[in-house]
Amino acid sequence: MTGSAAGTEAPSVPRAEGSDAPGEEPGRDFDARAGSDMDGDPFATGDFAIRTRGLTKRFGRQTVVDGIDLAVPHGAVFGFLGPNGSGKTTTIRMLLGLATATSGDIAVLGESMPRSLGSVLPRVGALIEGPGFHPFLSGTANLRRLDAADGFAPSATRRARVERALARVGLSHAARKPVRAYSLGMKQRLGIANALLAPRELIVLDEPTNGLDPQGTREVRSLIRSLAADGATVFVSSHLLAEIEQMCTHAAVMSAGRLVAQGRLDELRAASGPPRLTVRTTAAALAPAAEVLRTLGLRPDPLAPTSGTGDAGGTAPAIGRKNVPEEAGMDTKMRPNEGGDTVLEAELAQGIAPEQVVASLVAAGVPVRGFTVEQPSLEDLFVSLTGEGFDVAQ
Amino acid sequence: MSLSETTPRAQGDLEQRRARRSVGFGFFLSELGLLFRRRRTWAMLGALAAVPILIAVAIRLTDGGDGRGPAFLDRITQNGLFVAMTALVVSIPLFLPLTVGVVAGDSIAGEASASTLRYLLVAPVGRIRLLLVKFAAAAVFCLAATVTVSLAGILIGVALFPVGPVTLLSGDTVSVAESLGRSLLIAVYVTVGLLGLSAIGLFISTLTDAPVGAMAATVVLSIVAQVLGQLSQTEWLHPWLFSYHWLDFADLLRQPIEWSSFGENALLQLAYVAVFGALAYARFSTKDILS
Amino acid sequence: MAATAKWQRWVPAVAVPAVVAVVVTGGAFAAGASADLPEKTAQQVLELAAQADVQTFSGTVEQTADLGLPDLSSVPGGSSSGASGGSSDGSGSGDASTDSTVSAALELLTGSHSARVYADGPTKARVQVLDQLAERDAIRNGSELWLYDSSDNTVVHSSIPADAGSGDGDGAGAPEASGTVQTPAELAQGFLDAVDPSTDVSLGADTEVAGRSAYDLVLTPRGSETLVGSVSIAVDSETGLPLSVEVLARGASTPAFSVAFSSLSLDTPSADLFDFTPPEGAAVTEKALPTDAGDGSGDHAAAPQGADAHPEPVVTGEGWNTIVALPVGADSADLTSSPLIAQLLTPVDGGQVLQTALVSVLLTDDGRVLAGAVPAEALQSAAAGQ
């Protein structure tokens, strides 16, 4: 519900990399300067939890963040995607005033940053690039210290707020232990607890599930959902697409310092293609099954091992066993059976109901061993925008 | 402006917060807690306490000496209260600057290397406030270190040697009570003398994310200053070295007390604190926190 | 607050050192600021100084010597032991003892020293030479004279004959103890007494010393033979008390030797200061004063102390060119055998020379010692002439 309320504000069309005309650059720089001088600039008073304009960061000659225009609506769970080294963390550091932008404007919670840093940051909880705690202090002591560091946080309620935050991430049992005795996952939870010390309007989580086991990952996801349900805007960065896909209402994709896509999740999905159906059957029934699908107006696409050409929805008719890479985040969805099933996939065209397909297959005598309909993941889009593999963008 | 745009719920949350930022006494206490909950801090204070104890035990075992060695050493057998003075003379050139360099050099760089700096800053602690609190904590450590040497010296002196009225440098004699008062004054004097070094350490600490480097640089600087202070070729420089008045604490052991060095020392250290505080502010407030 | 440009954050980092520099240099300028005093001729100032009768004061004296001698304060046995004129083991004649005695005297002629001086009338005085972590005290109270050295915790006690008390012309009744810093008044007295036709007396710009306005009396030797370029004496405009003395070597722009009050109060010091009881545990030596107790003049040459029965010195030349010659004696052998002194000596024809910016000392091969504020060549010819 929160997502839909704010959704109207989001840019509706995912922006491709190429749409950033190089000719815009000088004008943007000019705007940036003008914007920072004008207090009444509507840019900073918009209904966005986070908004940037032409945000750029250079280290020496290297441009790490290159003129990005982020727009995070209030109440959104906003996924900030991008491979390692794409500039996500640097962007977050600039949003939180840890680093100064080389050029461009930032508005967080309607106030210009870093000018209003002192009044904005108490309303923001953050986990930035892994947790950081003094190993010889207990979890409680670490949180109390960070809470005391916030000059606006009332000391009277400190003890209670620390306890509540620890309980919320399931660390109450380890609250008195020194942090050096914590596992990586526990530290990560403690980091999230720190973000929850006070009621926050915006929570920025940089790679919140790093180091967590599947159980912990699930807990973090549900925590984020509950934070969003409380009305907070959650800004989650991740290099794991599946994670973003499961909990976000909005997403943006960074690649090599540029913002290559941004928008509501369903809009991004739409851009990555229609839902796909998968039919699992015997090798012998492959041809009839394909025939049935063709009759229904679908274009069956016998699976080839994911090749990573970035050619989403490619139609090359090659038959093969699906080879799903673990890291693609689809492990729980589909895996070839040992029994030697053949898998047939097709885009589900508009107007055709999945049950209709099953009925037709069964009617044609195809032994349907499995049938799934999947919303297309963002993976294809992600891969097409950011490249794949270890050639980390620099 | 911001409040009018936040949601009603968030506004309610904000009302629970303080209207004004607190000056940071709570955070200062928390910083002291951090400092004195470290084993390293206690190890350093223990090492400092060991200086007078070693001196006293050595003197006791060898039954005096041949008149050589640091100032006041030959007085110890007559009056145990001189253990503290001797230990200060021994500690001031190296041990005290060493420990102060560790604490001051660690102040910002240590937080950076522990990844806690970014969390403090987004809490938000405020960069100036963080510098002030770190410097105040370093100053408290200076006092703790000096008092540790003095107190350990007095205690071991009382335990191992006769104690009585104390002969001052001028040859006059004062009561035990007054000599204890002067010991306290000396502790304050030495503490003030270390403030300049603390400010330098704080500044160096803002330059790097490697605490060991900042500590080493601070300690090396304190040694360089003392070496320069020994060379007659750099005599014009001597009065401007932060270590110039370090051993002048003895002026508090004259009759009447020579206060001029106390004042000059305080002014000199104030200048160092002002200059390096300003540098630390400039550097730290413009620094990109990437650790 | 945070929107300020980066360069603006560096403003304090530049401004604060600038302010500190301004305060420091401003303070230096203020200290040298000249006072506006009634016009006086040089002669009037000389008379003012001669009439000075300040018997009661307390102050701090800073002495700086840059005589071209190596800094001896770091030599072992320099400042840290045996620093007072007659050390407790004065009978020792070994190298170590000579060294420590000589070096103590020499040490006062190198580097900087500060001393606190308290005086209450002609017979009550105390001088405290403030060494680092140590102190040398000379206390005179009536006929009692105490020397205390904190570095080795020794006391020397002497009784002054009753008639010796009022011998000093000027009021600075500091004890006539060697191994202490002289007050500007004592040093100035020597120069003022020596003012004769060979000296050009002029008046410099009015100045300020220890917060008091003063006339600047400049004594310039007319002859060209002496090493002394000029002597400038700051005479307190109110009391005539010399507040500072600066001796410049010929052709030099900075003083080779200067003594100045850094603070001065004309109030009566606390009487407790002149009460001295040897501290418990201190080694006390009784010592009779030599009958020809020093004249307290500006003779700051490094004459060794504690030797009994000096041969009568022979004085030749006059005014600034005076040469003092000690006939053959045991002292010079002692001196040259001391490695410390040997270090300072340069061999020349007929002997060895100790050359400083203001004073030359010639130790002839036949054992005589000649000294004077003249070049070594003058001493050599004087030695040859005798």
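Can you spot a residue in the range C:237-248 that is within 14 Å of another protein chain (Cβ to nearest Cβ), open to solvent by 30 Å² or more (accessible area, probe 1.4 Å) and farther than 17 Å from C:Lys124 by Cβ?
Scanning the range C:237-248 turns up no residue that is within 14 Å of another protein chain (Cβ to nearest Cβ), open to solvent by 30 Å² or more (accessible area, probe 1.4 Å) and farther than 17 Å from C:Lys124 by Cβ.
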When the range B:253-291 is examined, which residues are found to be at the interface with chain C (Cβ under 7 Å from one of its Cβ atoms) and not in a helix (DSSP H, G or I)?
B:Arg254, B:Glu258, B:Thr286
Of the residues that make up the range A:189-201, is at least one among the hydrophobic types (A, V, I, L, M, F, W, C), part of a loop (DSSP other than H, G, I, E, B) and more than 12 Å from chain B (Cβ to nearest Cβ)?
yes
Residue list for the range B:118-133, filter: in a loop (DSSP other than H, G, I, E, B) and closer than 20 Å to A:Leu205 by Cβ:
B:Ala123, B:Pro124
Condition first: surrounded by fewer than 21 Cβ atoms within 10 Å (Cβ to Cβ), within 13 Å of chain C (Cβ to nearest Cβ) and closer than 30 Å to B:Arg40 by Cα. Can you find one or more residues in the range B:187-206 that meet it?
no
Kindly evaluate B:Gly101 against the criterion of being open to solvent by less than 10 Å² (accessible area, probe 1.4 Å), farther than 30 Å from A:Ser155 by Cα and part of a loop (DSSP other than H, G, I, E, B).
no
Residue list for the range B:246-291, restricted to those being without any contact (Cβ under 8 Å) to a residue 12 or more places away in the chain, under 30 Å from A:Gly130 (Cα atoms) and surrounded by 19 or more Cβ atoms within 10 Å (Cβ to Cβ):
B:Ala282
I'd like the full set of residues that are polar (S, T, N, Q) and open to solvent by 30 Å² or more (accessible area, probe 1.4 Å), limited to the range A:210-243.
A:Asn210, A:Gln215, A:Ser222, A:Ser226
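What is the residue count in the range A:245-304 for residues that are without any contact (Cβ under 8 Å) to a residue 24 or more places away in the chain and part of a strand (DSSP E or B)?
0
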Got a sec? Which helices (runs of 4 or more DSSP H) wholly within the range A:61-162 have at least 1 residues that are more than 28 Å from A:Leu385 (Cβ to Cβ) and within 7 Å of chain B (Cβ to nearest Cβ)?
A:117-120, A:139-149
Just one of (1) over 30 Å from B:Arg37 (Cα atoms); (2) in contact with a Leu (Cβ under 6 Å, 6 or more places away or on another chain); (3) part of a helix (DSSP H, G or I) trips up A:Arg221, so point out which.
(2)
Any chance the range B:266-286 includes a residue that's among the aromatic types (Phe, Trp, Tyr), touching a helix residue (DSSP H, G or I) at 6+ places or on another chain (Cβ under 8 Å) and farther than 19 Å from B:Leu194 by Cα?
yes
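Which members of the range C:231-254 meet the condition of being assigned to a loop (DSSP other than H, G, I, E, B) and under 18 Å from C:Pro375 (Cα atoms)?
Once the filter is applied, which keeps residues that are assigned to a loop (DSSP other than H, G, I, E, B) and under 18 Å from C:Pro375 (Cα atoms), the range C:231-254 yields C:Arg250, C:Gly251, C:Ala252.
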May I ask you to list the residues in the range B:165-186 that are in a loop (DSSP other than H, G, I, E, B), open to solvent by 10 Å² or more (accessible area, probe 1.4 Å) and touching a strand residue (DSSP E or B) at 6+ places or on another chain (Cβ under 6 Å)?
B:Pro165
For C:Thr4, are the conditions met, namely being more than 29 Å from C:Gln355 (Cβ to Cβ), among the β-branched types (Val, Ile, Thr) and modelled with pLDDT under 75?
yes
Do you know which residues across the range A:179-209 are open to solvent by less than 10 Å² (accessible area, probe 1.4 Å) and either aromatic (Phe, Trp, Tyr) or closer than 12 Å to A:Ile224 by Cβ (or both)?
A:Ile192, A:Ala195, A:Ile203, A:Val204, A:Leu205, A:Pro208
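Restricting attention to the range C:126-153, and to residues there that are facing another protein chain (nearest Cβ under 9 Å) and among the polar types (S, T, N, Q), which single residue is surrounded by the most Cβ atoms within 10 Å (Cβ to Cβ)?
Of everything passing the filter in the range C:126-153, C:Gln128 is surrounded by the most Cβ atoms within 10 Å (Cβ to Cβ).
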Of all strands (runs of 3 or more DSSP E) completely enclosed by the range C:298-386, which ones contain at least 1 residues that are modelled with pLDDT of 85 or more, buried (at least 20 other Cβ atoms within 10 Å of the Cβ) and outside the structural domain of C:Val247 (by TED's automatic domain parsing)?
C:323-326, C:351-355, C:360-364, C:369-372
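The values are calculated or read from the model by the stated rules, or taken from the named source; none is laboratory data. Since the structure is predicted, the reported quantities are computational estimates derived from the model, not experimental observations. We place every Cβ from the backbone using ideal geometry, glycine too, and count neighbours over all the protein chains shown. All accessible areas refer to the heavy atoms of the entire protein, side chains included, with ligands and DNA or RNA removed. Shrake-Rupley method; radii C 1.70, N 1.55, O 1.52, S 1.80 Å.
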